[in-house]
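For reference, the structure discussed in these notes is given below.
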């Protein structure tokens with residue numbers, strides 16, 4: 001990835017990016033839809049005066065949000081890395097904000113580093129949906145038991161084969177993943193499903209959410225989730241929950257080779 005143009009000292013910069021994914025076709029560039037990656041490439045290239053290609057850590061799907069996704073790119077600019085976030089935010093649309101920019105070693109890529117990703121799925125559980133939250137939460141009118149949802153989710157913690165919770169079309173070499181923590185909590189009419197893991201399969205968190213919603217509504221019992229996991233069969237799990245309720249909250253790097261908060 002690193003370029004070493006003649007007479008120019010290259011450096012690698014890492015960005016922490018937050019975005020409202022409602023109006024985008026996900027993170028990764030697509031020829032037939034506007035994406036987060038496309039907009040970042042365009043604005044960084046214009047501001048830095050060179051062709052920029054960012055490489056993201058997590059390829060969020062269409063309609064999914066993020067408050068802490070990470071990406072890196074190589075540049076020969078003289079702008080100090082820590083100032084790039086200020087420069088690019090002047091021209092980015094309001095639904096994308098670079099929260100931090102910093103220089104990292106040229107051989108560093110967060111996708112290849114040990115990291116812990118935390119996703120949160122938000123459900124508004126009330127008779128009628130809240131129009132103010134329609135872009136950021138999934139509305140469910142059927143009463144949900146958050147305690148049963150949390151109980152059911154505990155069998156997913158640990159290293160397992162999550163084939164039952166992987167959408168078709170995945171290019172993953174293995175469906176084994178590790179969930180470090182999972183919780184379902186309720187605050188009045190809002191339910192939060194929070195999952196931390198070292199990596200996730202295609203639509204994995206949304207399928208977990210769809211399955212636990214079935215538990216909360218009484219369609220299946222908490223103990224049945226263990227059987228669904230053991231089946232390694234996508235047809236056994238619940239539906240894929242809508243994208244707007246999902247947000248990539250943060251990515252934590254384990255012992256990175258640079259200063260990191």
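The values are calculated or read from the model by the stated rules, or taken from the named source; none is laboratory data. Just so it is clear, the structure is predicted and the values come from calculations on it, not from any experiment. Positions of Cβ are backbone-derived with ideal geometry, glycine not excepted, and every protein chain shown enters the neighbour counts.
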Check: Consider residue 103 against the criteria (1) within 18 Å of residue 250 (Cα to Cα); (2) outside the structural domain of residue 230 (by TED's automatic domain parsing); (3) surrounded by 14 or more Cβ atoms within 10 Å (Cβ to Cβ): it satisfies all of them except one. Which criterion is unmet?
Finding: (1)
Check: Looking only at strands (runs of 3 or more DSSP E) that fall completely inside the stretch 167-261, which ones have 1 or more residues that are surrounded by 14 or more Cβ atoms within 10 Å (Cβ to Cβ), free of Cβ contacts under 8 Å to residues at least 60 places away in the same chain and in contact with a strand residue (DSSP E or B) (Cβ under 7 Å, 6 or more places away or on another chain)?
Finding: 176-187
Margin query: Suppose we filter the stretch 110-129 for residues that are farther than 29 Å from residue 252 by Cα and touching a residue at least 40 places away in the same chain (Cβ under 8 Å); how many remain?
Written below: 2
Check: Of all residues in the stretch 138-153, which are touching a helix residue (DSSP H, G or I) at 6+ places or on another chain (Cβ under 7 Å), outside any helix (DSSP H, G or I) and either under 14 Å from residue 210 (Cβ atoms) or modelled with pLDDT under 95 (or both)?
Finding: 138, 140, 144
Notebook entry, point to check: Scanning the stretch 62-86 for residues that are in contact with a helix residue (DSSP H, G or I) (Cβ under 7 Å, 6 or more places away or on another chain) and surrounded by fewer than 18 Cβ atoms within 10 Å (Cβ to Cβ), which turns out nearest to residue 256 (Cα to Cα)?
Noted result: 79
Check: Can you tell me which residue in the stretch 80-102 is nearest to the chain's Cα centre (by Cα), limited to those that are under 23 Å from residue 63 (Cβ atoms) and assigned to a loop (DSSP other than H, G, I, E, B)?
Finding: 95
Next item on the list: Taking the options 63, 21, 68, name whichever one is assigned to a strand (DSSP E or B) and either assigned by TED's automatic domain parsing to the domain that holds residue 203 or under 25 Å from residue 206 (Cβ atoms) (or both).
Entry: 68
